[in-house]
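So the structure is just underneath, and the comments pick up after that.
The values are calculated or read from the model by the stated rules, or taken from the named source; none is laboratory data. Owing to the predicted nature of the structure, the values given are computational and were not obtained by experimental measurement. Ideal geometry is used to build each Cβ from the backbone, glycine not excepted, and the neighbour counts take in all protein chains shown. When the accessible area is computed, the model is the full protein with side chains, heavy atoms only, and any ligands, DNA or RNA have been set aside. Shrake-Rupley method; radii C 1.70, N 1.55, O 1.52, S 1.80 Å.
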Amino acid sequence: MLFCLPCSRLETNLKDLSFIKWSTSGPQLAVGNAKGNLLIYNSMTRKKIPIMGKHPRRICSGAWTAASNDLVLGSENKTLTVSNENGDTLVHREVRYAPLEIHVGLSSHRSPDGPGRSSSEEATIAANLGGRVLMLCSLDPSVEPLELSFDQQYGELIKHCWLSSGLVALGFASGQLVIL
């Protein structure tokens, strides 16, 4: 059971909750559990959409996209999914390690014509894969993701976040902070 402000309760009928995230641009709340089940609750309509077996193992991370209101989820079974606000899977991607932390931000893409030419911003997923790799990928499944590994002297990747300028800040177990 969850409490939704102001002072209301939401019965999820899920046990062993492992993930919870409000949408940044809509009235949806996503709740995942240790068995890979998902509940999407719309606070405006009070409609609950249960999705049993969204992932075969624990949902460990996720984020909502701002523009399209899609839900990106990571699971212990080394998969990443992108779903619409109703829970329909749009993208299913296998990854090397479990996605421990996921953030969606905007990254700039410059025109191949060179500096000073037109550039565009695109929603980009940044996922901490097992504390070993930072994966950057587009919501477009046809675009290959970029995986960044770091020298062992940094230690495990603990946290990351998007900065407003389209850069990513990375925090490592060694205390190092890296900006990409």
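Just the projected area, averaged over all directions, of the convex hull on the alpha carbon atoms of the chain: how many nm²? Could the numbers behind the result be given before it?
Values: hull surface 47.2 nm².
Its Cα hull, projected and averaged over all orientations, spans 11.8 nm².
Distance between the modelled labels on Arg132 and Ile179, one decimal in nanometres: 3.0 nm (7 Å Cα→Cβ projection). For Lys48, the aspartates and glutamates whose Cα falls under 12 Å of its own Cα, not counting residues fewer than eight places away in the same chain, are Glu11, Glu85. Close amide H partners of Thr79, meaning residues 5 or more places away or on another chain with modelled amide H under 5 Å apart, are Val95. Computed over protein heavy atoms with a 1.4 angstrom probe, the accessible surface ordering of Arg57, Arg132, Arg93, Arg46, largest first, is Arg46, Arg132, Arg57, Arg93. Taking amide H positions as modeled 1.01 Å from N, with prolines and chain starts lacking one, the residues under 5 Å from Leu90 and 5 or more places away or on another chain are Val82, Ser83, Asn84.
Checking the a/c ratio against 1.5 first, then a/b against b/c, what shape does the Cα gyration tensor give for the range 24-91? Since a/c reaches 1.5 but b/c is at least a/b, the shape of the range 24-91 is classed as oblate.
FRET efficiency for the pair Asn84 and Glu122, taken as 1/(1 + (r/R0)^6) with r the Cβ-Cβ distance and R0 = 22 Å, rounds to 0.75.
Proximity of backbone amide H atoms, modeled 1.01 Å from N, is registered between Leu10 and Leu2, Phe3, Cys4 at under 5 Å, excluding neighbours fewer than 5 places apart on the same chain.
Projected label points at Glu94 and Trp22, each 7 Å from Cα along the beta carbon direction, are separated by 3.8 nanometres. With contacts taken as Cα pairs under 8 Å at a separation of at least 6 residues, the range 10-73 carries a relative contact order of 30 percent. Working note: Karplus 6.51/-1.76/1.60 with θ = phi - 60° gives the range 141-153 the couplings x, 7, 8, 5, x, 9, 10, 10, 9, 10, 4, 4, 4 Hz, where Gly and Pro are set to x. Centre-to-centre separation between the Cα atoms of the range 18-91 and those of the range 146-180: 25 Å.
Within a straight-line Cα-Cα reach of under 22 Å, Lys54 can be paired with the following lysines, leaving aside sequence neighbours fewer than 8 residues apart in one chain: Lys15, Lys21, Lys35, Lys78. Per-residue 3J(HN,Hα) values for the range 16-30, derived from phi via the Karplus relation 6.51 cos²θ - 1.76 cosθ + 1.60 with θ = phi - 60°, read 6, 4, 10, 7, 8, 7, 7, 5, 7, 10, x, x, 8, 10, 9 Hz in sequence order (x marks Gly and Pro).
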